[in-house]
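The values are calculated or read from the model by the stated rules, or taken from the named source; none is laboratory data. Here the structure is a predicted model, which means the values were calculated and not measured. Cβ coordinates were reconstructed from backbone atoms using ideal geometry, including for glycine residues, and neighbour counts include every protein chain displayed. These accessible areas exclude ligands, DNA and RNA; they are computed on the full protein's heavy atoms, side chains included. Shrake-Rupley method; radii C 1.70, N 1.55, O 1.52, S 1.80 Å.
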2 protein chains.
Amino acid sequence: MGTVTAPTRSRLPPEARRSQLLDLGVRLLATRSLDELSVDLLAEEAGISRGLLYHYFGNKHDFREAVVRRAADDLIAQTAPPPGGDPLERLHASLAAYVDYVLANFEGYVSLLKGSAGGSEAVRAIYEEVRGVLSERIFTEDPDGEFIADTPHNRLVVRGWSALTEELVITWGTDRRAGRATVTREELLEVITGALPALVRPPSAG
Amino acid sequence: MGTVTAPTRSRLPPEARRSQLLDLGVRLLATRSLDELSVDLLAEEAGISRGLLYHYFGNKHDFREAVVRRAADDLIAQTAPPPGGDPLERLHASLAAYVDYVLANFEGYVSLLKGSAGGSEAVRAIYEEVRGVLSERIFTEDPDGEFIADTPHNRLVVRGWSALTEELVITWGTDRRAGRATVTREELLEVITGALPALVRPPSAG
């Protein structure tokens, strides 16, 4: 392996190399909490020195923040709804991607949620930003308000629905990993997809 | 004041005195986070020595845990639904008491929510217990499942609804205290009360 990857690495420009290290950091987060993601671990997994890592990421906190930022960007990209079609089907597709993302990045995602409350300011800010982007998407993807009218009432409801979705996906993921999930992935998706139209007021009611 | 309260205090049996101190701790939590609730502060507010406080509460952590436990008991007691009548009206009354409790204990409650994720194990356990009691009540108050059938699907939904309710009450409370609430207390109650029947499956659908 070393003879194959080492030359490739050395030819990468610094930004590409940094990006590659961030991807590795995100992959490590799938099975580790944010606190467990250390510079030592990444250096070992990447087969490079700690000093070189510090060259790319100023310090331990900047490194963790950069990995969380990358994970957040991945989440936002992967959950982009398909370009056209029935609003409920687009929401279902986006939520399916969200459920799969959370499952694939479970340890890190759960530690981010916990950290979002008790963790560092920077990580909390990224978490809030992601929530904001995902919630805002409900309205920007429906500019004419045909599915969900952009009203103060519905904005509050969408915020509550986001919390509900997060809670259910985490609960279901925890149960599933412990072999005690009581509903299937499709049933979970049906619940969280159907919850939004069940909660918002129809456009006519403003 | 001193001449009135001092003799009263000295006549109180230790358990009653401890209970009185816990009530004071809960009142202090209304305008302070859990981290700000120190033994020094309580001693000052109660007009007694730190040493005496440590006599009642072994150490700083035991003291905070006891105050949170008391606050949790208060919340559970105050949100007990009225004994009979229409299920939705009983739910509305219980949620109205919950909203008022959160508003009256805002700083402490929000810090408990944040602490529930990042805080001490003991405080997190109390938070989880309260959530469990409040959720379980949905089913125990409706033993025949006439309003909400006790199914795995509905248990998952109630868990999500709890997260939605918590998020909306905290968001609304924060906005209200900042003078930028976009809906009234009654509208908020309408949203969170109506959300539950909108989300669960009717008893016939199991």
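A 1.4 Å probe run over the range A:79-205, with the rest of the protein chains in place, finds 44 Å² accessible per residue. Taking every alpha-carbon pair within the protein assembly as shown, the share separated by more than 26 Å comes to 62 percent.
Within the range B:163-195, the trypsin sites (Lys or Arg not before Pro) that combine a DSSP coil assignment with at most 12 other C-beta atoms in a 10 angstrom radius are B:R180. Divide the volume of the convex hull around the Cα atoms of chain B by the residue count and you get 147 Å³ per residue. Packing, as the average of other Cβ atoms within 10 Å across residues, places the peptides A:42-53, B:146-157 in the order B:146-157, A:42-53, highest first. Working from label points 7 Å from Cα in the Cα-to-Cβ sense, the B:L113 to B:I48 distance is 3.3 nm.
Each chain gives up part of its surface: A and B jointly bury about 2200 Å² of accessible area, both sides summed, for a 1.4 Å probe. Of the two radii for the range B:107-184, the radius of gyration is 1.06 times the Kirkwood radius, both from the alpha carbons; that is the Rg over Rh value.
Our compactness index for the range B:2-62, the C-alpha radius of gyration over the empirical 2.2 N^0.38 Å, is 1.10. Among B:134-141, B:67-74, sorting by the average number of other beta carbon atoms lying within 10 angstrom of each residue, highest first, gives B:67-74, B:134-141.
Once you reduce the range A:17-31 and the range B:144-206 to the center of their Cα atoms, the two points are 38 Å from each other. Net charge around A:P152, counting only other residues with Cβ within less than 12 Å of its Cβ (Lys, Arg = +1; Asp, Glu = -1)? Summing Lys/Arg as +1 and Asp/Glu as -1 gives +1. Using 16 Å as the cut-off for backbone N distance, which residues of the range B:69-84 belong to the label zone defined by a point 7 Å from the Cα of B:S19 along Cα→Cβ? Under cut-off, by backbone N: B:69-75, B:77-78. Given +1 at the Cβ of Lys and Arg, -1 at the Cβ of Asp and Glu and no other charges, the dipole of chain B around its Cα centre is 680 debye to the nearest 20. Peptide B:161-172 shows a mean partner chain C-beta count of 6 within 10 Å per residue C-beta.
Averaged over the residues of A:147-159, the number of partner chain Cβ atoms lying within 10 Å of the residue Cβ comes to 3.
Taking all protein chains into account, the per residue accessible area for the range B:2-62 stands at 60 Å² (1.4 Å probe). Based on DSSP H segments of at least four residues, each scored -39500 (n - 2.57), chain A has a per-residue ellipticity at 222 nm of -24000 deg cm²/dmol.
Taking only protein heavy atoms and a 1.4 Å probe, the accessible area of chain A is 53% carbon and sulfur.
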